[in-house]
1. What's the number of the condition THR192 fails, among (1) of a type in the set (Val, Ile, Thr); (2) surrounded by 18 or more Cβ atoms within 10 Å (Cβ to Cβ); (3) within 21 Å of TYR293 (Cβ to Cβ)?
2. So, in segment 249-283, of the ones that are at pLDDT below 95 and β-branched (Val, Ile, Thr), which residue ends up nearest to the chain's Cα centre (by Cα)?
3. Could you give every pair whose Cβ atoms fall below 7 Å, whose first residue belongs to segment 254-266 and is acidic (Asp, Glu), and whose second residue is surrounded by 18 or more Cβ atoms within 10 Å (Cβ to Cβ), counting only separations of at least 6 or pairs across chains?
4. Hey, among the residues in segment 68-110 that are farther than 27 Å from ILE264 by Cα and among the polar types (S, T, N, Q), which one's modelled with the lowest pLDDT?
5. What's the number of the only condition in (1) exposed (fewer than 14 other Cβ atoms within 10 Å of the Cβ); (2) on the phi < 0 side of the Ramachandran plot; (3) in contact (Cβ under 8 Å) with a residue 60 or more places away in the chain that ALA151 fails to meet?
6. With respect to the numbered conditions (1) touching a residue at least 60 places away in the same chain (Cβ under 8 Å); (2) surrounded by fewer than 17 Cβ atoms within 10 Å (Cβ to Cβ); (3) farther than 12 Å from GLU286 by Cα, which one is the sole condition not fulfilled by ASN176?
7. For segment 115-139, give me each residue that is away from the ligand (no atom under 16 Å from the Cβ), within 16 Å of the chain's Cα centre (by Cα) and surrounded by fewer than 18 Cβ atoms within 10 Å (Cβ to Cβ).
8. Tell me, which residue of segment 59-102 that is exposed (fewer than 14 other Cβ atoms within 10 Å of the Cβ) and under 19 Å from GLY313 (Cα atoms) is nearest to the ligand (Cβ to nearest atom)?
Amino acid sequence: MKATNLTVAVILIVALFAVLAYTGNLDFSETPALNVYKGRLQVNLIQIKRIDGSKYAFVDSQMRVIHGSRNYNDKVGELSSASITGDMKAEDNGRWWLIIDYATNNTAWLDAAQTLKMPYVKSIVGWDGDKDGFDEEAIELDFSGLSPLTAGEDKKVVDVTLINSPARTASITYTNLTNSTGISTTSYSYKTATGYMGGYAEGDMAKLAKIQIVFSNTGNGTYPDSEYWKLTHLKIGGYTFTSGDFGTYDLSNTRFEIKFGDQINSQGGKDYYYPKNGGDLWATYELKAYCKYPSASKVIVPLIKFYFYKPDGSITSAFIEYVSFAS
Ligand SMILES: [Ca+2]
């Protein structure tokens, strides 16, 4: 090829790539990389309980392994037993996805944060693979770094470990430790009420779905709308939710509300894991407000309502704590 033709060819190729990149058709991240594993592969699935490492599996839940195409029907197979064997194709780019569809009678949560620390687990996302309107757990498994099959070796065998915990969805209790008194009628000050969450067994996990702080007419009316009681924050366990997180006071329902996730898929829930020897005070709460009351002998009693996800995506009824702020 002459130099001039070569120059023209280079310009055309660069232009083509520029157009493809601009239209979004060229996804460099999905281009199979060199030297990623391909070939026969057996995956052993191990499900253990976080608290003690004993076997603890999802009840009746569907577990499907699909290829890197992320097409729900492009499956390696169903994990009806503890292992699955298939062919890692070049276009898989070293990745398979484990899709878990929880049965309604399942009693375990996947502990995503802990499972992400396990070998081969690359990411975990909610994904509605079967298009039924509810997300499955989609676990990206990265086998790209496996060494090539050697002569006489017919497959690679790997262990994938999921860390699970019993789902706590009932008998959650709250105990009040301190309330607030002495709220001034002349100047604002910060006031708190505290307590703790209980009713758990060691190793239980719960997923918070929403919190409401509801004001009734108990005492002397709904002060938040009249600017005498201003929410500062609610701390619970390791989480802090500020007034900004709660957003605008809902006047018609006389409450503040914060939601975690979309209320039909549990992936957006806030995890609470009760550790070994956690004690009563492992998940204390603190409700803090900036207060000034219009006259003496006033008290308002916020109800803190906690709602939790169940493994099937439904939400528990409220677990309620009453606290008081008095002048
Ligand atoms: Ca689904």
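The values are calculated or read from the model by the stated rules, or taken from the named source; none is laboratory data. For clarity, every value in this text was computed on a predicted model and none was experimentally measured. So basically every Cβ, Gly included, is an ideal-geometry build from the backbone, and we count neighbours across all protein chains shown.
1. Only one criterion is unmet by THR192, namely (2).
2. Selected residue: ILE264.
3. From segment 254-266, the pairs are GLU257/LYS210; GLU257/GLN212; GLU257/PHE246.
4. Applying the filter and picking the extreme gives SER81.
5. Of everything listed in (1) exposed (fewer than 14 other Cβ atoms within 10 Å of the Cβ); (2) on the phi < 0 side of the Ramachandran plot; (3) in contact (Cβ under 8 Å) with a residue 60 or more places away in the chain, ALA151 misses just condition (3).
6. For ASN176, the failing item is (3).
7. Residues satisfying the conditions are LEU116, LYS117, LYS122, SER123.
8. My answer is ASP60.
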